[in-house]
Amino acid sequence: MINIVSSIMRKLLYIAFILCFTHGYGQQQIIDSLKQVVSNQPADSVRVKAYSDLCWYYRTISLDSAFVYGNKALDLSVKTRNVKGEAQALNDIGILYYSKSEFDKALGLYHESLKLRQTLSDSLGMASLYNKIGLVHQNTYQLDSALSYGIKALRIYEEKGIKRNAYILKNNIANIYKNLKQYDKALETHLDIAAYNSAINDELSLVKSYNNIANAYILLADTANAQTYYNKGIELGKKNGYKKELAALYNNVAGIAMNRKDVEAAIEYYENSLQIREELGDNFGKGSTLLNLGSLYLETKQLNSVEDYLKQSISLAEASNAKEQMMNAYDKLALYFAYRNMPDSTKYYSALYKQMNNSLFNAQILKEVADIQEKYNAVEREKEIVTQRAAIAEKELDISKKNLYLLGLGGLVVIVTLLGLLFFNRQKLKTEQVKKEGELKQALVRIETQNKLQDQRLRISRDLHDNIGAQLTFIISTLDNLKYGFKLPDKLNSKLESVSAFTTSTIDELRDTIWAMNKSEISFEDLQVRISNFIDKANIAAQGIDFKFSVADDVDLSATFNSVQGMNIYRIIQESVNNAIKYANAKEIKVDISTKDGRFHFDIMDNGKGFNVDEVELGNGLSNMKKRASELGGKLSINSKMGKGTTISLTC
């Protein structure tokens, strides 16, 4: 038997060797070899490994077959108590669901696998799962959670000294920072990645890093540094013939030329990008460049080629399902036909733009609404279970009642003196029955109340997204069209920019509210990330103020709050910091979180001019903070001295 197992293990090692070093070995041949291993009836651990490998190799050929072998690996692992095999099988099946965009199922399997990896102290397995869980959250627009899990994975890779995995992960984290509008952190991360790529002489990755760095500088409104890094990327791309990267760099640097009103240079860069993308057959990239060229000629009032460029862009976008590109082309065509004084065409493309804009906005929230609906369905299922249990309990009580009645009759025949005792027992049981029925009714009432509250939250969330959110987005789009479509006085342009900025800020506030509404509970880690993001934004906006944010070591990171509690805590901190920025003339603002006697303490401190608490009337901001603290069942205290700063403390 030992010889057979040894022979099989040698075969597996041979297969692994072929996979790593032989380019001509077909995937089907690999699958056939693995099936041959299984047919030899090897040891259970070897079969689990073979099933797992078959699941992996079938995933690009036949998902159905991949699921079959993944489940075989899982069943055999559970049966033989092979914890490592079980964790791998759950991971593999989760990947299959992820490839089908069934993110909820993938997330559940990843978390099950993570628990097993933790029991095995398999840190690299845990890092891989943290990364996968983060990608699920990123695909479902839960960017705070995506960042949290990505950083967990990164810490493990850095501790283990696995630099390549760490820097691949850093690139994804940088993109999350960009989507969260934390552009300075995105830039810092991309600069770190570039230094690593330069150290290992990976020039292709270095060109990509230069492009990412330049894009980050663009978002930070630093076009000089952006131009420097675009030029570095173009020089290195030309040297090595990296055509795909050169096309992107030319396209991006053309935008800088446009900002500098150097139209000829912009056209030259766009034409270079278009030529390369035509050579590569990159229809999506070609469509993007054609859109940019059409927009350039539209902006400079060179209208002869605009329509042709934009319609070519739409055709390519339709072929690659690039909806955002189509939407932007519709917007530009509406403006083009407005210049041409063709109102029917203007209305037609404006309607297409609005329809596509609403579609993209709604697509982003469909997942969040589906999550709320799933929670609502869970409450319904729980209600049904409790109702069934109530019916069973009622039947059991009825049977018990009948038995006691018969026992009473028998006791009456046997001995009259037991009547008093039996009557007492009967009354006692009736009392218990009434009590149980009352408890069941209370349980049903609680579930019904939860059901109504969940339904109300779902309706409000939909209304916020479908109505207010879409209207605010349309306002921003309309303001942009006014700014770029017409020559307006500088004072009016400034006013429009102010309105646009205020509307964007309102959308951010709306997203904060929806973030809390869409969660039945908010973890401390989630709240911590939210507060940290707010502090970082305040640090950028408020010049000359040093912001500090700290969490004490004894704080329970696994603590959770309900959605109302989490939002109230976040709003109190937000209002306190904003008041300090506006009125305190402070040089330093600190936010500290600690615990004492089982309660959380949130302290917001500044070293500003302070005020006399007894003489100042409470405005709406301070009144709202006290109301929120009251809703939390907590205590809000304000301590301030003239010239010595202010401390606002929330205990809950």
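The values are calculated or read from the model by the stated rules, or taken from the named source; none is laboratory data. A quick note: this is a predicted structure, and the numbers were derived from the prediction, not measured. With ideal geometry, Cβ positions are generated from the backbone for all residues, glycine too; neighbour counts draw on all protein chains shown. Side chains are part of the model used for accessible areas, which takes the heavy atoms of the whole protein and leaves out ligands, DNA and RNA. Shrake-Rupley method; radii C 1.70, N 1.55, O 1.52, S 1.80 Å.
Report the extension gain between residue 78 and residue 231 in nm, rounded to one decimal, defined as 0.36 nm multiplied by the number of residues separating them, less their alpha carbon distance.
Extra length from residue 78 to residue 231 when fully extended: 49.4 nm.
From the backbone phi of region 342-350, what are the Karplus-calculated ³J(HN,Hα) couplings (6.51 cos²θ - 1.76 cosθ + 1.60, θ = phi - 60°) in whole Hz, Gly and Pro given as x?
Listing the rounded values in order: 10, x, 5, 5, 4, 4, 4, 6, 5 Hz.
Just need the relative contact order of region 567-652 here, percent rounded to a whole number, with Cα pairs under 8 Å and 6+ apart.
32 percent
Quickly work out the residue 626-to-residue 139 label distance, labels modelled 7 Å from Cα along the C-beta direction, and quote it in nm with one decimal.
Modelled inter-label distance: 5.0 nm.
Go ahead and collect, in residue order, the members of region 632-651 whose backbone nitrogen is under 13 Å from a label point 7 Å along the Cα-Cβ direction of residue 615.
641-643
In nanometres, what is the gap between the two model label sites at residue 578 and residue 164, each 7 Å from Cα along Cα-to-Cβ?
Going by the 7 Å Cα→Cβ label model, 4.9 nm.
Compute the FRET efficiency between residue 60 and residue 340 as 1/(1 + (r/R0)^6), taking r as their Cβ-Cβ distance and R0 = 60 Å, and round to the nearest 0.05.
The computed FRET efficiency comes out at 0.75.
Name the residues whose placed amide hydrogens come within less than 5 Å of the amide hydrogen of residue 641, ignoring near sequence neighbours (fewer than 5 apart) on the same chain.
611
So what does residue 258 come to for accessible area, using a 1.4 Å probe and Å² rounded to 10?
Roll a 1.4 Å probe over it and residue 258 shows about 30 Å².
Tell me which residues come under 5 Å, amide H to amide H, from residue 595 once H is placed; ignore anything under 5 positions away on its chain.
601
Any idea how far apart residue 319 and residue 36 come out in nm if each label point goes 7 Å out from Cα toward Cβ?
A separation of 4.4 nm, rounded to one decimal place.
Take 652, 55 and sort them by solvent-accessible surface of the protein heavy atoms, 1.4 Å probe, largest at the top.
652, 55
Apply the Karplus parameterisation 6.51 cos²θ - 1.76 cosθ + 1.60, with θ equal to phi minus 60°, to every residue of region 573-585 and state each ³J(HN,Hα) to the nearest whole Hz, in sequence, with x for glycine and proline.
5, 4, 5, 4, 5, 4, 4, 4, 5, 6, 10, 7, 6
If you place +1 on the Cβ of every Lys and Arg, -1 on the Cβ of every Asp and Glu, and leave all else neutral, what size is the dipole of region 190-288 about its Cα centre, to the nearest 20 Debye?
It comes to approximately 40 debye.
Rounded, prolate or oblate: pick one for region 106-186, where a ≥ b ≥ c are the square roots of the eigenvalues of its C-alpha gyration tensor, a/c under 1.5 means rounded, and failing that, prolate if a/b is larger than b/c, else oblate.
Numbers: a/c = 2.87, a/b = 1.34, b/c = 2.14.
Judged from the Cα gyration tensor, region 106-186 comes out oblate (a/c at least 1.5, b/c at or above a/b).
Note the full-extension length gain between residue 268 and residue 222 as 0.36 nm times their separation in residues minus their Cα-Cα distance, in nm to one decimal.
14.3 nm
I need the P(r) histogram for region 524-648: all alpha carbon pairs, bin width 10 Å from 0 out to the longest distance, whole percents.
Histogram of Cα-Cα distances, whole percents per bin: 12, 45, 35, 8, 0.
What trypsin sites (Lys or Arg not before Pro) does region 202-292 have in DSSP loop regions with at most 15 other beta carbons within 10 Å?
On the way: sites: 208, 232, 238, 239, 243, 244, 260, 261, 277, 286; in loops: 260, 261.
The qualifying sites are 260, 261.
Could you rank 86, 279 by how accessible they are, 1.4 Å probe, largest area first?
279, 86
As a test of understanding, state the convex hull volume per residue of region 80-147 from its alpha carbons, in Å³.
It is 71 Å³ per residue.
Of 185/644; 537/596; 537/627; 244/311; 170/243; 115/152, which ones are farther than 22 Å apart at the Cα?
185/644; 537/596; 537/627; 244/311; 170/243
Give, in whole angstrom and from largest to smallest, the semi-axes √(5λ) of the equivalent ellipsoid of region 150-294, with λ running over the eigenvalues of the Cα gyration tensor. Display every interim value, and only then the final one.
Numbers: eigenvalues 164, 57, 36 Å².
Semi-axis lengths for region 150-294 are 29, 17, 13 Å.
Accessible surface of residue 423 in the full protein assembly, 1.4 angstrom probe, to the nearest 10 Å²?
Solvent-accessible area, nearest 10 Å²: 120 Å².
Please give the FRET efficiency for residue 552 paired with residue 423, using the beta carbon to beta carbon distance and R0 = 60 Å, rounded to the nearest 0.05. Present the calculation step by step, with values, prior to reporting the outcome.
Numbers: r = 63 Å, r/R0 = 1.05.
It comes out at approximately 0.45.
If you take the beta carbon distance between residue 436 and residue 414 as r and set R0 to 45 Å, what does 1/(1 + (r/R0)^6) give as a FRET efficiency, to the nearest 0.05?
It comes to 0.90.
For region 204-219, take each phi angle, set θ = phi - 60°, evaluate the Karplus expression 6.51 cos²θ - 1.76 cosθ + 1.60, and give the result in whole Hz per residue in order, putting x for glycine and proline.
Karplus values, whole Hz, x for Gly and Pro: 5, 5, 5, 4, 5, 5, 4, 4, 5, 4, 4, 4, 5, 5, 4, 5.
Give the residue list of trypsin sites (Lys or Arg not before Pro) in region 533-624 that are DSSP loop and have at most 16 other beta-carbon atoms within 10 angstrom.
587, 609
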